[in-house]
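Asker: Quick one: structure below, then a few questions.
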Amino acid sequence: STGKKTVNKYVGVDPNVVPIANILEASQRAGKLTGLAVTVEWTNATPATFAAHDINRSNTAILAEQMLNQDIDVVLGLSTNTYYTLPYHEDEALEGNGYSVIKTKAELGEVKKGDRLWSKFVSGSFSTDTANKATSPTLLDMTKASITALADADEDGFFLMVEGSRVDSGGHNNNAFMQVGEFLAFDAACEYAIEFAKGRDDTIVIIAP
């Protein structure tokens, strides 16, 4: 997210623990809208690295506070209990910052251009793609909703990071069935993003396996 090599578990800081600007912050500075869409907690390492700075990816309360105050336009992922250690309640923070709180797959389908979104999907909302429930939001659903909210809502464009977060969960668990299924779910999200970009002359899609 920063283009700089650092130490394992560091989030948005260099080896000397000096904060480094990331691409999301650079996009905001350029006047662009920004978004993150993942299938894990929104304080997990990857989304946090695109929106926060700390010495340890496990300091989720610190990361949550930074992310809630980063003025990101779209944040979709699992809810997390870390915000209850903050000096304010998450719901009040979200409402105060003008977010529509997304809790279900159906609500993702109702997103409109210009909406500011923050999801509160509870743990267990995402079944694996190979065993997907009709009510489970998929990475494709979140990608569609994110692009709908961000695209053309601002003439300066947008930056969106989408992660197939649980591909490596299959690897960690030595579960090839899950790993392949989650990668196919990521592939579907990539396909949608590419098709969106094909209809424009101002959009780049970068895919990092």
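The values are calculated or read from the model by the stated rules, or taken from the named source; none is laboratory data. Bear in mind that the values here come from a model prediction, so they are computed numbers and not experimental data. Here the Cβ is made from the backbone with ideal geometry for all residues, glycine too, and neighbour counts use every protein chain on show. We work out accessible area using only protein heavy atoms, side chains counted, and drop any ligands, DNA or RNA first. Shrake-Rupley method; radii C 1.70, N 1.55, O 1.52, S 1.80 Å.
Asker: Which residue fluctuates the most in the chain, going by a Gaussian network model with Cα springs under 10 Å, if the choices are Ala134, Ala37, Ala61?
Answerer: Ala134
Asker: For a quick check: with amide H placed at 1.01 Å from N, whose amide H comes under 5 Å from Thr34's, ignoring anything fewer than 5 positions away on the same chain?
Answerer: Amide H neighbours of Thr34, under 5 Å, 5+ apart: Asp73, Val74, Phe159.
Asker: Which of the peptides 160-168, 96-104 is most tightly packed, and how do the rest follow, judged by the mean count of other Cβ atoms within 10 Å per residue?
Answerer: Most protected by this proxy first, the peptides run 160-168, 96-104.
Asker: With a 10 Å cut-off between alpha carbons and a GNM built on the chain, which of Glu95, Glu195, Glu25 moves the most?
Answerer: Its mean-square fluctuation being the largest, the pick is Glu195.
Asker: Short version: ³J(HN,Hα) in whole Hz for each residue of segment 43-55, in order, from phi by Karplus 6.51 cos²θ - 1.76 cosθ + 1.60 (θ = phi - 60°), x for Gly and Pro, what are they?
Answerer: Along segment 43-55, the couplings run 9, 4, 3, 5, x, 4, 5, 8, 8, 8, 9, 6, 7 Hz.
Asker: Check which residues have an amide H placed less than 5 Å from Val13's amide H, if you skip close sequence neighbours.
Answerer: Amide H to amide H, under 5 Å and 5 or more residues apart or across chains, Val13 pairs with Ile20, Asp54.
Asker: Which of the three applies to the chain, rounded, prolate or oblate, going by the alpha-carbon gyration tensor with a ≥ b ≥ c and a/c under 1.5 meaning rounded?
Answerer: It is rounded, given that a/c, with a ≥ b ≥ c, falls under 1.5.
Asker: Residue by residue through segment 107-113, which ³J(HN,Hα) values in whole Hz follow from phi under the Karplus form 6.51 cos²θ - 1.76 cosθ + 1.60 (θ = phi - 60°), with glycine and proline marked x?
Answerer: Coupling constants for segment 107-113: 5, 5, x, 9, 5, 10, 3 Hz.
Asker: Also, quick follow-up: Calculate the spin-label point distance for Ala176 paired with Glu195, positioning each point 7 Å from the Cα along the beta-carbon direction, and give it in nanometres.
Answerer: 3.0
Asker: Would you pull out the residues with amide H under 5 Å of Gly77's amide H, same chain only if 5 or more places away, H placed 1.01 Å from N?
Answerer: Amide H neighbours of Gly77: Val38, Ser119, Phe121.
Asker: Leaving ligands, DNA and RNA out of it, report the carbon-plus-sulfur percent of the accessible area of the chain at a 1.4 Å probe.
Answerer: 50
Asker: DSSP H helices in the chain with Cα extent of 30 Å or more along the helix axis and mean Kyte-Doolittle hydropathy at least 1.6?
Answerer: TM-like helix candidates: nothing returned.
Asker: Moving on. Determine the per residue accessible area of the chain with all protein chains present and a 1.4 angstrom probe, expressed in square angstrom.
Answerer: With all protein chains present, the chain gives 52 Å² per residue.
Asker: Give the calculated FRET efficiency between Asn8 and Asn69 to the nearest 0.05, with a Förster radius of 30 Å applied to their Cβ-Cβ distance.
Answerer: Using R0 = 30 Å, I get an efficiency of 0.70.
Asker: What fraction of the DSSP beta bridges in the chain is antiparallel, stated in percent and rounded to the nearest 5?
Answerer: Counting DSSP beta bridges with both partners in the chain, the antiparallel share is about 10 percent.
Asker: Separation between the Ala208 and Lys113 pseudo-spin-labels, each 7 Å from Cα along Cα→Cβ, expressed in nm?
Answerer: My value for the distance between the label points is 3.1 nm.
Asker: Mind checking which of Asn56, Asn69, Asn173 has the largest fluctuation in a GNM of the chain, springs on alpha carbons under 10 Å?
Answerer: Asn173
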